[in-house]
1. Which residue, of L10, L31, L71, is assigned by TED's automatic domain parsing to the domain that holds I114, touching a residue at least 12 places away in the same chain (Cβ under 8 Å) and in a helix (DSSP H, G or I)?
2. State whether one or more residues within the range 120-141 are surrounded by fewer than 17 Cβ atoms within 10 Å (Cβ to Cβ), β-branched (V, I, T) and modelled with pLDDT of 90 or more.
3. Just for the range 162-191: of the residues that are within 27 Å of E227 (Cβ to Cβ) and among the polar types (S, T, N, Q), which one is surrounded by the most Cβ atoms within 10 Å (Cβ to Cβ)?
4. Specify the residue that is farthest from the chain's Cα centre (by Cα); the eligible residues are those in the range 130-174 that are in a loop (DSSP other than H, G, I, E, B) and of a type in the set (A, V, I, L, M).
5. Here are some conditions: (1) at pLDDT 95 or above; (2) surrounded by fewer than 18 Cβ atoms within 10 Å (Cβ to Cβ); (3) among the polar types (S, T, N, Q). T215 meets all but one. Which one does it not meet?
6. Just one of Q283, Q243, Q275 is in contact with a Pro (Cβ under 7 Å, 6 or more places away or on another chain) and not charged (D, E, K, R); which is it?
7. List the pairs whose first member sits in the range 259-276 and is surrounded by fewer than 17 Cβ atoms within 10 Å (Cβ to Cβ), whose second member is of a type in the set (S, T, N, Q) and at pLDDT 90 or above, and whose Cβ atoms are under 8 Å apart, counting only residues at least 6 apart or on separate chains?
8. Out of (1) buried (at least 16 other Cβ atoms within 10 Å of the Cβ); (2) closer than 26 Å to E306 by Cα; (3) among the aliphatic types (A, V, I, L, M), the odd one out for I156 is which?
Amino acid sequence: MLSLNVVQHLISLPAGAFQPFGRSASKTCILAVVKKGENCTPPKYVFGAIAHNIGYDTGKTTYKTLERNDLIDILKESKSFFSGVHHVGQEGSTAAWCHQTDITADRIDAGYIISQAREDNDYVPLGDIFDVADDFTPLTDDREYSYLEVPWISDIHGCIQRIDRKKGPNINASRLRALNTEDIYLTRINPKKQRIGMVPKNAPAPIMVSGEVYTLKWKPNDYIPFEARFAIIPILRSEYVTQQICNLSTGSSSSRARISVSSLEGLRIPSNLLQNQTRLQKQSETIRNATNTFWEAIRSVNSVMESIQ
């Protein structure tokens, strides 16, 4: 249907927006299109907005009205073109315009529109510093693996908190991804959790993880030297970059949103965060040492717990 029309406005609604009316927690949006035809001139720009407050309490089956309704201000913003990203209301709703040519068939969503409209004039694409690896490793039935589940990666600091030993038949997958010592990993699902970190040097590698985890492979570049590569972890976990990742992710709900390899490689890293290589080196060493210390502490605690069972 959309192939016969041109997108004009797209407003993303919060998860659970229709829960009071049908118990649906799915992610929804308001989509306005212009039908193609001889007398129709496609709009030059597309308006997109992400609404956090829509006049009632979302995510609950009971309907409770609230004073804040950002949809009213979003409607005003949609009346005339402006450059950059505008913040709407008090709770983080945003709106922007992007050029019609920036819209693709596989990315018709407000988050993508806003990511295209950001005025990041001085930035470096993540793909210029790291390759995003998403290759798979087949499992063998008679082999025992070090196995890591996504929830065992902390959403507080990004460190690995637990690794199990499992044989191939006990892992619910035919293939997984392998993490090796001091690999940098990023969990693509539910990116607001910020599950980004590095594999400790004494972890039982290779560690098998699901396809929800990417590996960032450093490549020669002019921004971050190999010795300072772990400095990318706090940069990717920063509020500004995390918001970008969330905007570029797609899914039926916020908890199921995922970011693709191409979107991740196009992520905009502000150049000012990459200019001081001495600082990057210190940050990288801090991340490396703290991660290894944390892992050894976790191993010690687990050893004590297992000894008294």
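The values are calculated or read from the model by the stated rules, or taken from the named source; none is laboratory data. Bear in mind the structure is a predicted one, so any value in this text is a computation, not a measurement. Every residue, glycine among them, receives a Cβ derived from its backbone with ideal geometry; neighbour counts consider all protein chains shown.
1. Details: L10 fails: in a helix (DSSP H, G or I); L31 fails: in a helix (DSSP H, G or I).
On inspection, the qualifying residue turns out to be L71.
2. no
3. T187
4. Going through the range 130-174, the residues in a loop (DSSP other than H, G, I, E, B) turn out to be 134-136, 139-143, 148-149, 154-159, 161-163, 171-174.
With the extra rule that they be of a type in the set (A, V, I, L, M), the set shrinks to 139, 148, 156, 163, 171, 173.
On the way: L139: 28, L148: 20, I156: 15, I163: 23, I171: 26, A173: 23 Å.
Step by step, filter the range 130-174, then rank; the result is L139.
5. The failed condition is (2).
6. Working: Q243 fails: in contact with a Pro (Cβ under 7 Å, 6 or more places away or on another chain); Q275 fails: in contact with a Pro (Cβ under 7 Å, 6 or more places away or on another chain).
On inspection, the qualifying residue turns out to be Q283.
7. Short answer, once both residue conditions are applied: none.
8. For I156, the exception is condition (1).
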